[in-house]
There are 2 protein chains.
Amino acid sequence: MSGEGAFIALMRALADGDAARGLTDDVAVLRGAGDLVLTTDSLVEGVHHLPEDPPESIGWKLAAVNLSDLAAKGAQPVGCLVNYALSGDSDWDAAFVRGLAKALKAFDMPVLGGDTVMMSKGAPRSYSLTAIGRAGENVPARGGAKPGDVLYVTGPVGDAGTGLDLLRAGQVTPADLIAAYRTPQPRMEQGLAFASFAHASMDISDGLLIDAARMAQASNVAITLYHVPLSSSFVALNGRSVEARVQAASAGDDYELLFAMPADFLPSVNSGLISIGKISSGLGLSLILDNAPVDLPDRLGWEHGAGPA
Amino acid sequence: MSGEGAFIALMRALADGDAARGLTDDVAVLRGAGDLVLTTDSLVEGVHHLPEDPPESIGWKLAAVNLSDLAAKGAQPVGCLVNYALSGDSDWDAAFVRGLAKALKAFDMPVLGGDTVMMSKGAPRSYSLTAIGRAGENVPARGGAKPGDVLYVTGPVGDAGTGLDLLRAGQVTPADLIAAYRTPQPRMEQGLAFASFAHASMDISDGLLIDAARMAQASNVAITLYHVPLSSSFVALNGRSVEARVQAASAGDDYELLFAMPADFLPSVNSGLISIGKISSGLGLSLILDNAPVDLPDRLGWEHGAGPA
């Protein structure tokens, strides 16, 4: 079987038989689609992942970064289309599909269709995934935050950036920091539970600071961050100085969700939501740590096109 | 403005304001989507187009090859998502968008979302488009052809392949053959008019012979082709010998539609449909030209991954 034939056979095991037509036709057919949320993200070798990252983790990450966008909007996964450039190494491709399959099964997102192409030898690997989700009644935008809202995040930041730094330095532990970079966990459960209550919502894949600044700009409000939540692994390695917290908040590749919630929203204790800031009238982003204003760094996070999906 | 900012500003002019959220959010929201047809195709420089092809034509072609798949299924375009690797040359990118815009406007397919990435210098350009169409009641598959059906095609074949041969030989005329390769016309009108009557339907982007063989295989029937329609430009250059017709039928990059119609379907004179074959019980493809059986060539057309989208 050709490299492509073998690849498609592997993908077929991930397909929704009805809508995907078994991946034997040129199109997928989605009946009674209702209200949909659509998103697409690409990963490029050397830009969004290290060339030596295990292919399983790259397949996982391609699904995870798109699932994270669905989660931020409170959308239930319906299916996805995958654009894949065959690497010329069928073992590598098969490992990529294994990782992709793990994420798609974990979050119940079948493959509906796709396209494979052959790249010339030596070209960087690249892959795109277009995810389709079932929308709830309210699909919060970036731009809906209102003065008086409280800003929440679903977990600590900075772990993935530290994981990337460790890998670049040739280290492969601590495992949880490496995993935060290679196999991020989309916050689907919290997205489905809370996004519909949010005035504004997005994931913070480019970094907490830059994405909070984008929410402020899109909403035409001022955002003040007064807390940067850190994991114990992050603190064990980097401490929790102001500098360490600024580093965590601008590192990027975190797939936590950022919610601007009305003031009367009260998260339950086990919601996992962490209050990190407040919204007021005005413009822009400011940072207050340990009760003192902190200058924002020149680089707030990844600019699109250059970094995380 | 950064290369990416400029690119997104150009794309914004092609966006459906409501569903695309002005391309200012991370997702698109499609309300009341109903029954959808989904398809995706990628183009890669050096594989699906020549490095020296004008960027306008590549933008057009990316839309056209996907619109062709919607047309084959009788689906009305709803919108699309575009994955674009910035080339580092903003004039080139802008010209690409101009060509894309022409096709999207001609066929009423707004942009709903997308993703831009930055490739390393020297990497081949690549682009993907995911097209979403409104399905009719019947969405014909490849695999529905039945013994007794008549096979129709929407136009002549071989022009694009000849255009590619001419360009490779350094020639840029005849203009219509070059245009057939660079700016193919998706047969949307005929797809919307006739696909719902078809037992089986697909475009013949990989070549008439290989795609007819695929229809035969998927439908578990035998297909006999007895006519290979040629354009006058093709005949003027290549003649109409059996060899020329076999060449035309295996060249690929034609975006005509192939319909297996029930025997009682009678196309009107101005339908543009050309009867080229018949379906019978049995298996496989055979070719009869000038009343004599013709051996099939070793290469029937493009294998997926290696050629046209």
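The values are calculated or read from the model by the stated rules, or taken from the named source; none is laboratory data. Keep in mind that what you see is a predicted model, and the values were worked out from it rather than measured. Don't worry about glycine lacking a Cβ; one is built from the backbone with ideal geometry, like all the others, and counts go over all protein chains shown. Note: areas computed on protein heavy atoms with side chains; ligands, DNA, RNA excluded. Shrake-Rupley method; radii C 1.70, N 1.55, O 1.52, S 1.80 Å.
Kindly establish whether A:PRO124 is part of a loop (DSSP other than H, G, I, E, B), touching a strand residue (DSSP E or B) at 6+ places or on another chain (Cβ under 6 Å) and not charged (D, E, K, R). Spelling it out, A:PRO124 is indeed part of a loop (DSSP other than H, G, I, E, B), touching a strand residue (DSSP E or B) at 6+ places or on another chain (Cβ under 6 Å) and not charged (D, E, K, R). Would a scan of region A:207-217 turn up a residue that is under 14 Å from the mean Cα position of the chain (by Cα), away from every other protein chain (no Cβ under 14 Å) and either within 23 Å of A:PRO110 (Cα to Cα) or in contact (Cβ under 8 Å) with a residue 12 or more places away in the chain (or both)? Yes, region A:207-217 contains at least one residue that is under 14 Å from the mean Cα position of the chain (by Cα), away from every other protein chain (no Cβ under 14 Å) and either within 23 Å of A:PRO110 (Cα to Cα) or in contact (Cβ under 8 Å) with a residue 12 or more places away in the chain (or both).
For (1) closer than 14 Å to A:LEU151 by Cβ; (2) open to solvent by 10 Å² or more (accessible area, probe 1.4 Å); (3) at pLDDT 95 or above, each residue gets a yes or a no:
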{"residue": "A:PHE234", "(1), (2), (3)": "no, no, yes"}
{"residue": "A:SER275", "(1), (2), (3)": "yes, yes, yes"}
{"residue": "A:LEU296", "(1), (2), (3)": "no, yes, yes"}
{"residue": "A:LEU300", "(1), (2), (3)": "no, yes, yes"}
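Has region B:168-178 got at least one residue that is without any contact (Cβ under 8 Å) to a residue 24 or more places away in the chain, at negative phi and crowded, with 16+ Cβ neighbours inside 10 Å? Yes, some residue in region B:168-178 is without any contact (Cβ under 8 Å) to a residue 24 or more places away in the chain, at negative phi and crowded, with 16+ Cβ neighbours inside 10 Å. Filtered by the rule that a residue be more than 7 Å from chain A (Cβ to nearest Cβ) and either modelled with pLDDT of 95 or more or assigned to a helix (DSSP H, G or I) (or both), region B:110-121 gives B:PRO110, B:VAL111.
Does region B:130-148 contain any residue that is buried (at least 24 other Cβ atoms within 10 Å of the Cβ), touching a Pro at 6+ places or on another chain (Cβ under 7 Å) and not in a strand (DSSP E or B)? No: zero hits.
To keep it simple, each residue is scored yes or no on (1) more than 26 Å from B:VAL37 (Cα to Cα); (2) touching a helix residue (DSSP H, G or I) at 6+ places or on another chain (Cβ under 6 Å).
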site: B:MET119; (1), (2): yes, no
site: B:LEU129; (1), (2): no, yes
site: B:VAL153; (1), (2): no, no
site: B:GLY161; (1), (2): yes, yes
site: B:ALA179; (1), (2): yes, no
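Residues that are within 14 Å of chain B (Cβ to nearest Cβ) and not in a strand (DSSP E or B) are absent from region A:159-181.
In region A:211-309, counting only strands (runs of 3 or more DSSP E) that sit wholly within it, the ones holding 3 or more residues that are in contact with a strand residue (DSSP E or B) (Cβ under 6 Å, 6 or more places away or on another chain) span A:222-225, A:257-261, A:274-280, A:284-289. If you go through region B:3-50 and keep only what is crowded, with 17+ Cβ neighbours inside 10 Å and among the hydroxyl-bearing types (Ser, Thr, Tyr), you end up with B:THR39, B:THR40, B:SER42.
Would you mind stating whether A:ALA71 is open to solvent by less than 10 Å² (accessible area, probe 1.4 Å) and among the small types (Gly, Ala, Ser)? Spelling it out, A:ALA71 is indeed open to solvent by less than 10 Å² (accessible area, probe 1.4 Å) and among the small types (Gly, Ala, Ser).
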